[in-house]
Structures are given as structure tokens and as C-alpha cells.
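The next block holds one structure in the form of C-alpha cells; read it before the comments.
The values are calculated or read from the model by the stated rules, or taken from the named source; none is laboratory data. In this text the structure is predicted, and so the values were computed from the model without any measurement. So basically every Cβ, Gly included, is an ideal-geometry build from the backbone, and we count neighbours across all protein chains shown.
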Amino acid sequence: MPKPIAATNDFVVKFANVNGSGSASANGLFAKAILRMGVPVGARNIFPSNIQGLPTWYEVRVSEAGWLGRRGGVDLMVAMNPQTWDADVKGIEPGGYILYDSSKPLPASKFRDDITLIGAPLTELIAAEFINPRERQLFKNICYIGVIAHLLGIEPDLVKQLLTDEFKGKDKLIQPNFKAFELGRAYTENNIAPIGLKLRRADKVGDRIFVEGNEAAGLGAVYGGATFCAWYPITPSTSLAEGFEKHCRALRKDGEGKSRYAIVQAEDEIASIGMVMGAGWAGSRAFTCTSGPGISLMNEFVGFSYYAEVPAVIFDVQRGGPSTGMPTRTQQSDLLLAAYASHGDTKHPMLFPANPTECFEFGAQAFDLADFFQTTVFVMLDLDIGMQEWLTAPFKWDEKRRLNRGKVLSYEHLEQGVPFGRYRDVDGDAVPYRTYPGTHPSKGAYFTRGSSHDKDARYSERGEDYTEGMERLLRKWQTMKSHVPAPIRKNANKRTPDGVIYFGSTEPAMDEALAAFEARGVHLDALRVRAFPFQDEVFEFIRSHEQVFVVEQNRDAQLKSLLVNEGGVHPARLVSVLHYDGTPITARFIVRDIADKLKAGQAAAAPEKVK
Amino acid sequence: MTYLAKPPLHHPSLEKNALGFTRRDYEGRISTLCAGCGHDSISAAIIQACFEIDLAPHRLAKFSGIGCSSKTPDYFVSPAHGFNAVHGRMPSVLTGANIAAKDLIYLGVSGDGDSASIGLGQFAHAMRRGVNMTYIVENNGVYGLTKGQFSATSDKGSKAKKGAENKDSAIDLVMLALQLGASYVGRSFSGDKAQLVPLIKGALSHKGTAFIDVISPCVAFNNHVGSTKSFDYVRAHNEAVNRMDVITPRAPIRADYEPGELKEVRQHDGSILRFRKLEDDYDPSRRNAALAYLGRKAMAGEIVTGLLYVDPDAHDLHDALNTVETPLNKLTDADLVPPVSALEKINAGLR
């Protein structure tokens, strides 16, 4: 047997549970207790498209160094699901540990001989103290938290404080939870030998918060002045609408309890985006949240928004696959769909947040952009950012910031004789002026249509009117570049011909991979793209490197396609690193893939040097 | 002569309404529809209705989808903003605008293809939600712009211009609207302005979802023998259950109606709907009775017209959403953006 793994503040614990068994809150408690010890964690639910009965996992990466991406491998498996036992046992690193319920004996063939077995009779311990079957189920979860808290060295008072906070208002649940926790802890103290994995207080969390991206984006919409959400339930975007509603209920009621917001659950995604269009047209900031299948349905309206210039915000929380695909797995595979949504010549801005802090910031900024540019703005989250809780920088807002409503002519403007032509480029930035309905008794009315129109919004089938409008839209696209979030560049310690471009939820894994490369003496300049249209500096970055890896979580290299298509980049300059099995990309994967490609590239280049 | 602009001059003796507008102030661009199209009569009725209820033209917001009928909002009330949406999706766009700006009067114009085929889903859900609007379907039973295919409101057995017979059952939008919760439901005929204008006036004054199905024969593709949406057929089978006047809160009440059984309903905005019953056993305040009556008459091949149902105390979507009095599109930064202190509190709760 290999030496049992010994690690402090740097290991992976994975909980294997049955969906609907109430494990989520117990597992979340575990992650929060570690955070309270000042040790960063990256935590992920890996769950099925199901409410009850199917397997679900919760993976906690403990990393004092602060690496929040998924690591891969498991050091301590908390195996509570017989259905997945074999695979769970197999996934443990050599020298790792498994905690299991030893109330019923398991044959030796069910284990591995290179891992440490930790048996605790959880069912027996709980059955002796609790009678109600549901209680037995729930408290078994808290009981195993007691076991691992003792094994890893989590202070019991921290857990008790978290339990007290969680059950505030349902105080009679606090004592039974304490009891279940204590049953597990005391059993472990008396019966189980210490293990090599340890937690130790650190000071590495700082002022960071622990929150999921969807809730952050919903809160961003509140601060961004959104008054209307029309949506249709779809995993993994549902909690975004719920987040908006939760924060609106707290922050957007007047003195009489009336709402300064509206939320409508529409009959489908087409109606959702239609309502958003109507509200945006009438001067309210409106959004919908959905995932890839919803975007497919919304295409026609998105094209309408592009051509008739109606503001809208769509949060696309991307999931896996074409068709129904993998609803509960993550991918970055809607880029091409969103970028060029709808028939005819169209393109649409996209923002790529990498963490909940940016979900909040971009979630607010998207409304300024949509209002100013009078078009649909996509905010591209994914399941990994959206539905997982992340340790992230606290939300910030500048008290002096004002909502930028863009170019809207008021009653006073019209009354003073400011001329109005709906699609005229008055300021030379290709962004026209608009009016809200009902503004003025005799001036400023216009007719919005998706059919071809002239500068004054009159129906026109003249080719010149059409091309003039379409060319102005292209110029508007150019204006947009200086308004969307700029890319973030991280240079290697040494000058290097190699670069890497990535975006969105790849960031934590990429940060870790870059550090690993530096440690090996491999240098890569890195550029995180944060928006489409791409700024010139993105193409400048590509030009200034011999080869650029493009890391993305889809099969077809969609970001690369956009770079090639929009920037005239030679495809051979861009080397794809693609991860698309539905799990979040890991630093291990990036390092291995790029190292292989660098090696292959050197081998291929070598004979030429001989010549 | 659709290429000629209408002269903007008004005759000085034109009648003015309480706001000082003449009927001409409610007109739009010149129609590009076929000469004699029933839809133009409906546009004229809308103009007349807006004029008569003293609606400030810019307080109207006009919506439509795609098709001949959906072109018409360009042909009435030019001082109002208009929105020509994508095919079958007018109801959602109107709903969104209504949520944003509840201080306007909402009028959606659609066709039988736009509402009963591609847009049946949105039609149904708009009826359910109680959006405060007038929803007019200009129903000709045929796809006009694509030259004469049957629509979903074509009656089974009805014949196309080239002789093909429709084999599918017809969708009756009035029955659907009643069943799904519309709080004001009427049917009329584009050739009967005396009936149609008051119906539209009542609908525009109604709080809640008002639906009017207007049979509007297509002179180009559905006005032949064998069609059940032709002028001749509709005139022969039209059975009006009542005649109605709408008395706006400001208008003086004149007693110029003929003697007969009269019924008055006061709507939320103070307007009064005054009916003269033509059919003794018809009571427009009972939804289920209306459904049963319409079902019986449809079996007999009769087209029942008039105000078929009204709930004068209906609630609308904004009541359900409990929104503030100020329209959402007029809320300021101070109303919308929470203070930084609130964000700090949220941050603290997430540690």
C-alpha cells in the first residue's frame, strides 16, 4: 500500500450522495466552516437532471494557495451512495481515504487495498437517537460532517455557529442538529485513528464573499436598474430569475409594499424575449435569463432587436450540448449561437464574466450598454459560474454612478424643436436617438418594424435605404468596442513567443495552470477576453506571438472561429485547447494539453532548423 | 393612389372632440391594402372610436404582428408610437410594453393567421394574463399576403378561391377568449360600422383584456361563393345579440335611443355601456352562458355578433403584479438603484 496522503490545507473532499436526501445543506456547511477558518475552498455541486433518487456529488477543493478551479482526483471520498460506490471508490487517489457507513458490513472486494478505510456506523448512531425517518435521513448527513470535522480538525464551535445561523427562526431544529453533529464527532474521537489530511487556520480568505454567479447577476440587474424580468424556467438559469426576485423583494418595494419591478413567468422563451422587447422599446430596462435551448427559440426576436434597434439583455447560462444535451453540465458552447443569432446579417455583443463579482458588474453594465446601443446584449455565464458558489471579491458600487439611458429625446427636447429621425446618425457614432411612446402630443412618434425602413423609420424597399441602415449598424458595432469590458492581459515573467487566450469560467483553472507553467520554466503570456466585439488589443496580442493557444470549453473551437472570422487571423496561428465533457476544465488538463502541443510543435519545427 | 400623400389641411368646419382634435388627427398613412379590403373599414372604425372617446392620439400605443391586418396600425393614429412585431408574437411585445408604461392605452391588431395559427400560444396566454389592452383580430379566414391559403379560422367545408375544400375544424377565437379569461369579448363585422365602433370604444375604455373578433372579408382571396367569410355569407348569417352605445364619462347623456329593453354597465373608467337587447335570452354578464349560446349557434351555422361578455370590474396584470403607481419606465435612479450600504449588508451576509 502507498503511503497515506498527508496534506494540510491542500486536498479534495468529495461527497457522494443521493439526490433529494438533504445532503446539500450539510455539505455546504462543511465548505463554509473551512472558509471561516480562513482557508479558501472551491466547491461544486455535480448533480443530475432529477429531483429525487439519482446520484449527486459535492466536491470541495481545499486550497490555502487559493486555487479555486477543479483539481481532478479525490483525496477523501465520503461515500454515501451505494449506487455509485464502485465508481466512487475507483476515483480516489492512491493513498487516499474513504469514509463510509459501516452499519452494515461490506465485503472486502468492495474496497481497494491502496486506500485507507474509515468506517463509521452512521445509520446505527442516528437510529439510536432519532425516530422519524426523514429526521434520520437528514441527521445522518450532519453526523458525517461531525466525523470529518473531527478527522480534519474543524473547530466544533464554528460548525455550531453556522448551524445556529442557518436555523435562526426555526430554533427547535438547532439542538437536534448539534446532537447529530456531536454523535459523529464523539464516535470519531473515540474510535477512528487520525488521518493525514488536516485543516489549519490561515488568513487567506480576506474580505471575499461566497456566492453563486446567478444570484450575483440577478443582483447586478437590480443595481443596473432593471425593472422587468420575463423568463421561462430552464436549468441552469432559473436561480438567476430567483436571485433577481429575492433582491427586488428586499430592495425594490415602496412604503406601501408596492413593487418597483415586475416579473412574469412567460409561456415559453419566445414570449419571454418578446416581452423584454416590448418593455425595452417602452423605456424600461428588461431582461430574460435562459440557456442554449432558449436562445435557439429567441433567435427571431434577437434579429429584430438588431435591425429595429430595440434594447434587451439576455443572460445565457450555458449548459452542455446540442438539443437537450446535458442540462446539468457545463460548457461554453453558445458563443456562435449568440454572436450571430437570427437570419440575415446580424451580430450581437456578448460579455464574458469569469466569476460572480463580474456577473454582478457585467449584469449591471449590460443594461447601460443595451440602452445606449439599442440592441440585445448577451451576458454569457455558464453552469459552473452560475450555479456554483464561488469565493469571490465583494460586490462594489460607486455611489456617484448614474444609469446611462442612452440617447432618448424627452418632451422638452421635442418641444424645443430638436429634430427627430429615428435612425439618423446625428452624432457620428452611428447610434441614433429614440423616443419612448407617449412622450409628446405631436412630435417624436415613429413606427418600429422589422421590415426594411429608411432613416425616418418609414417602410422602404429601396436598396439604398437598406444598405445605408446596415452599414450604419456596422459602424455602431465599431463604436461598441470602446464601451464593452476590455481584455485583461497577464504577461509571463520572461519574453515569450507563446500566448494563450481564454475567457469566462476557465479563469481559475487557467490561473493555476499559468503558475504551474512558470514553475516549470514554461512561459506563456495570457489574455482573458471579456467581451465581443473584440478590441484591437486582442488581435494585437495574437500578432505579437508566434502561436496562441485558445482554451475553451466546447468541441468546435467557437472562440477561435470568432477570432478568425472577425479579425482575419490565420487559423494556423491559433492552437485550440478544448475541453467539453461537461465537467469544468481543470488546470491539470490545460497543463497536460498545452505541454503536449508545445512538445509536438518543437518536434515539428526541429527538422526545419536542421535545414 | 397609395403613392399620394394625404394633404395635411383640415376643413375648418370639421367636428372637434372634447380635446379639440378632429377625426383627421386620428388618421394614419394611406393604406396599401387592396381597394375594398375589410381591414380598411376596421381602421376607419378605430379612428372613429378613438375620436369619439376623446383619446389623446399620442396616448395610444399600437401593436401588430405580421400579415395584411398587421400592416394597418400604420394607417391609423399617426401621432401614436407603433410596433410591428414578428409573426404571431404581438401579444408578448404588447405585454412587455404595457408592463413598462401602464399609463398608455394599448391596442393590438392581428390577423387570423397571426393569432390562430403561428401565434395561438401567445394569443391564449395574453388572454389568461389580463393584460389591459384591446386585441382586435381582423379575421378573413385566409392568408392574403401569401395569396390565398386557408387559415385556422376557415370553417370546415369552406371553399378556397380555386375550389379546394378546407378539411380541418375551425378555431373560434371568441370561444377561446371567453374560456381563457378575457374580460371583454365581442364579435363584429367590418361591414357593420354602427356595431363595430361602439364595440371598439367600449374595449378601449375597458380595464382588462378586451378581445374583438372582426370578420373582415378578403376581397382578393376569400369573397367568393363557397367561402364562409365573404361579405354575402356573413351578411346572411350575422346574428347580432345586442346593439350598444358607449357613453364616456364626459359626454352628456342623450336620450335618443329607441324604446326597448335597455341595460347599462358602468366600467372601471366611468364609461357606461348601454345595450339594447336583440336576443331575449342573451346576457353578456355570464361567461358560461355565453359559451353555451355561442356553441349552439355555431352548430346552426350562425355568426353571433355584438358584445358577448363583459366583466366591468375586472382586474388587470398590474393588479396581479402589485406594481407602483408610477409607470416603471418613469422610475428614476433613486427609485431603482439601492444604496451602497445595502450592498455592503449583502456582502456581509455572504461571508
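Of B:279, B:325, B:264, which residue is farther than 30 Å from residue A:250 by Cβ, free of Cβ contacts under 8 Å to residues at least 12 places away in the same chain and outside any helix (DSSP H, G or I)?
On the way: B:279 fails: free of Cβ contacts under 8 Å to residues at least 12 places away in the same chain; B:325 fails: farther than 30 Å from residue A:250 by Cβ.
Being farther than 30 Å from residue A:250 by Cβ, free of Cβ contacts under 8 Å to residues at least 12 places away in the same chain and outside any helix (DSSP H, G or I) holds for just one of B:279, B:325, B:264, which is B:264.
If I filter segment A:581-588 for residues that are outside the structural domain of residue A:473 (by TED's automatic domain parsing) and more than 22 Å from the chain's Cα centre (by Cα), do I get at least one hit?
Kept after step one, since they are outside the structural domain of residue A:473 (by TED's automatic domain parsing), are these residues of segment A:581-588: A:581-588.
Okay, now just the ones that are also more than 22 Å from the chain's Cα centre (by Cα), so none.
Checked segment A:581-588: no residue is outside the structural domain of residue A:473 (by TED's automatic domain parsing) and more than 22 Å from the chain's Cα centre (by Cα).
Looking only at segment B:305-351, filter to residues that are of a type in the set (Asp, Glu) and facing chain A (nearest Cβ under 7 Å); which one of those is surrounded by the most Cβ atoms within 10 Å (Cβ to Cβ)? Quick ask: steps written out before the conclusion?
The initial filter retains those residues of segment B:305-351 that are of a type in the set (Asp, Glu), namely B:311, B:313, B:316, B:319, B:325, B:333, B:335, B:344.
After this cut, where a residue has to be facing chain A (nearest Cβ under 7 Å) as well, the list is B:333, B:335.
Working: B:333: 11, B:335: 15.
The extreme case among them is B:335.
Of A:531, A:572, A:595, A:587, which residue is out of contact with any helix residue (DSSP H, G or I) (no Cβ under 7 Å at 6 or more places or on another chain) and surrounded by 19 or more Cβ atoms within 10 Å (Cβ to Cβ)? Steps first, answer last, please.
Working: A:572 fails: surrounded by 19 or more Cβ atoms within 10 Å (Cβ to Cβ); A:595 fails: surrounded by 19 or more Cβ atoms within 10 Å (Cβ to Cβ); A:587 fails: out of contact with any helix residue (DSSP H, G or I) (no Cβ under 7 Å at 6 or more places or on another chain).
Just one listed residue meets the conditions, A:531.
Quick check on my filter: what residues within segment A:338-373 are over 20 Å from the mean Cα position of the chain (by Cα) and among the aromatic types (Phe, Trp, Tyr)?
Passing the criteria: A:340, A:372, A:373.
Tell me yes or no: at least one residue of segment A:361-375 is buried (at least 24 other Cβ atoms within 10 Å of the Cβ), assigned to a strand (DSSP E or B), among the β-branched types (Val, Ile, Thr) and in contact (Cβ under 8 Å) with a residue 24 or more places away in the chain.
No, every residue in segment A:361-375 fails to be buried (at least 24 other Cβ atoms within 10 Å of the Cβ), assigned to a strand (DSSP E or B), among the β-branched types (Val, Ile, Thr) and in contact (Cβ under 8 Å) with a residue 24 or more places away in the chain.
Need at least 2 residues that are within 14 Å of chain B (Cβ to nearest Cβ) and buried (at least 22 other Cβ atoms within 10 Å of the Cβ) per element, so show me which helices (runs of 4 or more DSSP H) inside segment A:133-240 make the cut, counting only ones lying wholly within it.
Details: elements: A:133-152, A:156-166, A:174-191, A:213-223.
Fully inside segment A:133-240 and qualifying: A:213-223.
Name the residue that is nearest to residue A:392 (Cα to Cα), counting only residues in segment A:1-25 that are at pLDDT 90 or above and either part of a loop (DSSP other than H, G, I, E, B) or among the hydroxyl-bearing types (Ser, Thr, Tyr) (or both). Show your work before the answer.
Filtering segment A:1-25 for residues at pLDDT 90 or above gives A:3-18, A:23-25.
Right, trim to either part of a loop (DSSP other than H, G, I, E, B) or among the hydroxyl-bearing types (Ser, Thr, Tyr) (or both) and you get A:3-6, A:8-9, A:23, A:25.
Numbers: A:3: 35, A:4: 33, A:5: 29, A:6: 28, A:8: 22, A:9: 19, A:23: 24, A:25: 20 Å.
Once the filter is applied, the top-ranked residue is A:9.
Could you please find all residues in segment B:50-83 being small (Gly, Ala, Ser), more than 8 Å from chain A (Cβ to nearest Cβ) and either touching a Pro at 6+ places or on another chain (Cβ under 8 Å) or not in a helix (DSSP H, G or I) (or both)? Steps first, please.
So in segment B:50-83, the residues small (Gly, Ala, Ser) come out as B:56, B:61, B:64-65, B:67, B:69-70, B:78, B:80, B:82.
Cutting the leftovers down to more than 8 Å from chain A (Cβ to nearest Cβ) gives us B:64-65, B:67, B:69-70.
Within segment B:50-83, B:64, B:65, B:67 qualify.
With A:256, A:267 as the choices, which residue is at the interface with another protein chain (Cβ under 7 Å from one of its Cβ atoms) and not in a helix (DSSP H, G or I)? Quick ask: steps written out before the conclusion?
Details: A:256 fails: at the interface with another protein chain (Cβ under 7 Å from one of its Cβ atoms).
None of the others qualify; the one that does is A:267.
Take the conditions over 21 Å from the mean Cα position of the chain (by Cα), assigned to a helix (DSSP H, G or I) and within 14 Å of another protein chain (Cβ to nearest Cβ) and apply them to residue A:398. Does it pass?
So residue A:398 fails the test.
Any residue at all in segment A:390-398 that's free of Cβ contacts under 8 Å to residues at least 60 places away in the same chain and within 30 Å of residue B:338 (Cα to Cα)? Can you show your working first?
Start the filter on segment A:390-398 by keeping residues that are free of Cβ contacts under 8 Å to residues at least 60 places away in the same chain, which leaves A:396, A:398.
Pick out the ones that are also within 30 Å of residue B:338 (Cα to Cα) and you get A:396, A:398.
Yes, because at least one residue in segment A:390-398 is free of Cβ contacts under 8 Å to residues at least 60 places away in the same chain and within 30 Å of residue B:338 (Cα to Cα).
So if I check each of A:333, A:323, A:291, which one is crowded, with 22+ Cβ neighbours inside 10 Å and farther than 27 Å from residue A:261 by Cα?
Values: A:323 fails: crowded, with 22+ Cβ neighbours inside 10 Å; A:291 fails: farther than 27 Å from residue A:261 by Cα.
After ruling out the rest, the residue left standing is A:333.
Exactly one of these conditions fails for residue A:28: (1) crowded, with 18+ Cβ neighbours inside 10 Å; (2) in a loop (DSSP other than H, G, I, E, B). Give me its number.
Just one mismatch for residue A:28, condition (2).
Sort through A:333, A:305, A:342 and tell me the only one that's touching a residue at least 40 places away in the same chain (Cβ under 8 Å), out of contact with any strand residue (DSSP E or B) (no Cβ under 9 Å at 6 or more places or on another chain) and either of a type outside the set (Phe, Trp, Tyr) or in a loop (DSSP other than H, G, I, E, B) (or both).
Details: A:333 fails: out of contact with any strand residue (DSSP E or B) (no Cβ under 9 Å at 6 or more places or on another chain); A:305 fails: out of contact with any strand residue (DSSP E or B) (no Cβ under 9 Å at 6 or more places or on another chain).
Residue meeting the stated conditions: A:342.
Select from segment B:84-136 the residues that are under 15 Å from residue B:204 (Cα atoms), within 11 Å of another protein chain (Cβ to nearest Cβ) and β-branched (Val, Ile, Thr) and list them in ascending order.
B:105, B:131
Just checking, does segment A:303-319 include any residue being of a type in the set (Ser, Thr, Tyr), out of contact with any Leu (no Cβ under 8 Å at 6 or more places or on another chain) and surrounded by fewer than 23 Cβ atoms within 10 Å (Cβ to Cβ)?
Quick first cut of segment A:303-319, residues of a type in the set (Ser, Thr, Tyr) only: A:305-307.
Filter once more, keeping what is out of contact with any Leu (no Cβ under 8 Å at 6 or more places or on another chain): A:305.
Among the residues that remain, those that are also surrounded by fewer than 23 Cβ atoms within 10 Å (Cβ to Cβ) are: none.
The answer is no, given that none of the residues of segment A:303-319 is of a type in the set (Ser, Thr, Tyr), out of contact with any Leu (no Cβ under 8 Å at 6 or more places or on another chain) and surrounded by fewer than 23 Cβ atoms within 10 Å (Cβ to Cβ).
Within segment A:270-318, can you find the residues that are more than 10 Å from chain B (Cβ to nearest Cβ), more than 21 Å from residue A:406 (Cβ to Cβ), out of contact with any Gly (no Cβ under 6 Å at 6 or more places or on another chain) and of a type in the set (A, V, I, L, M, F, W, C)?
A:289, A:295, A:297, A:298
Looking at A:439, A:448, A:435 in this structure, which one is among the hydroxyl-bearing types (Ser, Thr, Tyr) and touching a residue at least 40 places away in the same chain (Cβ under 8 Å)? Even if it seems obvious, please write down each step before you answer.
On the way: A:439 fails: touching a residue at least 40 places away in the same chain (Cβ under 8 Å); A:435 fails: touching a residue at least 40 places away in the same chain (Cβ under 8 Å).
Only one candidate qualifies: A:448.
Is it fair to say residue B:89 is surrounded by 24 or more Cβ atoms within 10 Å (Cβ to Cβ) and more than 14 Å from residue B:137 (Cβ to Cβ)? Give the steps one after another, and end with the answer.
Working: surrounded by 24 or more Cβ atoms within 10 Å (Cβ to Cβ): yes; more than 14 Å from residue B:137 (Cβ to Cβ): yes.
When the stated conditions are applied, residue B:89 passes them.
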